[in-house]
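The structure appears below as structure tokens.
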Amino acid sequence: MVTDVDLCLRVLDVHVLYSLFSVASLEPVVEALCRAVNIEDFCHRSWQIIKCVLKSDIGHVTLGTLCNILELESNRNHWALVRGSVFFLGMACWGSQRIDTLQPSFSAILPSLYRCLAFDKPIVAYEVILSVSRLIKSYYEQLTPVEWDQMFEILVELQRYYYILAGMAIA
């Protein structure tokens, strides 16, 4: 059975494939893909579409859009949007399917991961943990002192968040 999400992804796929969308329409496309990637049946297709966008001539603009999603206070209650953005950033920048043409500085992405932790959403915190773990596992030897400091800030924030969830006082 074809669902509305499936039809939307098909339309987006055609638009991306034939470069039928502009930078002006990038934000709603990215937001739709961030939400769809959280649905198991559409995870792979969403990643394939955003990967094509990230490999295109607007790849860096797309990275900026993904980071902005993590930083906007208005996205606080949109956990699927934020989680999808964290997933796409991690996969594209240092994950197993890294997009080599992007080559962003890790220090440009990590502050956005830190800021989205303030939304206090367990599923987002979990995705940040997975993403930072991948980064450390794959690139620990290449990380600069600034990037290690940024990751330490993320880990401290995750610890604070853990204590809040556990109902424990922070020492």
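Read-outs throughout are calculated quantities, based only on the coordinates presented, and are distinct from any laboratory measurement. The structure presented is a predicted model; accordingly, all values stated were derived computationally and were not measured. Counting neighbours? That spans all protein chains shown, and the Cβs are built from the backbone with ideal geometry, glycine included.
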Distance in Å, no decimals, from the C-alpha centre of region 19-69 to the one of region 125-154 is 23 Å
Place a +1 charge on the Cβ of each Lys and Arg in region 4-166 and a -1 charge on the Cβ of each Asp and Glu, then give the dipole magnitude about the Cα centre in debye, rounded to the nearest 20.
-> 180 debye
If exposed means trypsin sites (Lys or Arg not before Pro) lying in a DSSP loop and surrounded by at most 16 other beta carbons within 10 Å, then the longest stretch of the chain lacking such sites spans residues 1-75
Projected convex hull area of region 12-78, Cα atoms, direction-averaged, in nm², equals 4.5 nm²
Could you pull the Rg and Dmax for the chain, using just the Cα atoms, both in Å?
-> 16.3, 56
Rounded if a/c is under 1.5, else prolate if a/b is larger than b/c, else oblate: which is region 1-40, with a ≥ b ≥ c the root eigenvalues of its Cα gyration tensor?
-> oblate
With R₀ set to 35 angstrom, the calculated FRET efficiency between the beta-carbons of S138 and S22, to the nearest 0.05, is 0.55
Measure nothing but the geometry: give the 0 to 90° angle between the long axis through the Cα atoms of 43-55 and the longest principal axis through the Cα atoms of the chain, rounded to 10°.
-> 80 degrees
Once the dipole of region 15-159 is set up with Lys and Arg at +1 and Asp and Glu at -1 on Cβ about the Cα centre, which of P122, S46, I154 lies farthest towards its positive end?
-> S46
Going by how many other beta carbons lie within 10 Å of each one, how would you line up V14, V37, V29, fewest first?
-> V14, V29, V37
Which chymotrypsin sites (Phe, Trp or Tyr not before Pro) does region 1-43 hold that lie in a coil by DSSP with at most 10 other beta carbons within 10 Å?
-> Y18
Roughly what would the spin-label model give for F152 and L165, points 7 Å off Cα along C-beta, in nm?
-> 2.4 nm
If one compares the long axis through the Cα atoms of helix 4-17 with the longest principal axis of the Cα atoms of the chain, the angle in degrees, nearest 10, works out at 80 degrees
Within region 63-171, DSSP-loop chymotrypsin sites (Phe, Trp or Tyr not before Pro) with at most 12 other C-beta atoms within 10 Å are Y140
